Amino acid sequence: MTRTTRRPRRVAAAILFSTLFAPLAHAQQGDECPRLPGDAELSWTQRSSEAFLICRAIGADGREAFGLYLAGNSPFQPARANREERGMVAGQEIRWYRGEVAADPSTLVRETLVELDNGQVMHVWLHARNAEQLQYNQRLVESLRFEEARFTAK
């Protein structure tokens, strides 16, 4: 095969590839995620299917500040021994639970589970480098407006 016959195939493959993955790039913009406060300096990345929605709030430095997972069930099971602060998420009183990032034990982690009216659960987690950032991220999550029906809490 000559060089000139390979080029149209490469161009066709590139066009096909970009056509196939254009819908995925659009879905990454966080259209289904709760609205972030204007001063948060964060943006959502999103993954979803018919069965779940994952929203991750990412800072300008590329670090994840917090995220949420909405589905029929969650692998996260709160442990009473890890209870920490009280709070309010999606109009529901919650408890934050201490967690960990195995690859980075210095990261402060909080998690909670919110049961929603529609039978789904929302697992919410926070990451922070220090106590001040942890409190800031908690306030951000607690200020989110979960206006869509899929986020309505009990």
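All of the numbers you see were taken from the coordinates with simple rules; none came from a lab. These numbers were taken from a predicted model, which means no experiment stands behind them. Neighbour counts run over all protein chains shown; Cβ positions are idealised from the backbone, glycine included.
Some observations on this one:
- Ranked list, fewest to most other Cβ atoms within 10 Å of each Cβ, for I54, I94: I54, I94
- Each of L144, L70 has some number of other Cβ atoms within 10 Å of its Cβ, and from fewest to most they run L144, L70.
- Note on V89, V121: ascending count of other Cβ atoms within 10 Å places them as V121, V89, the fewest first.
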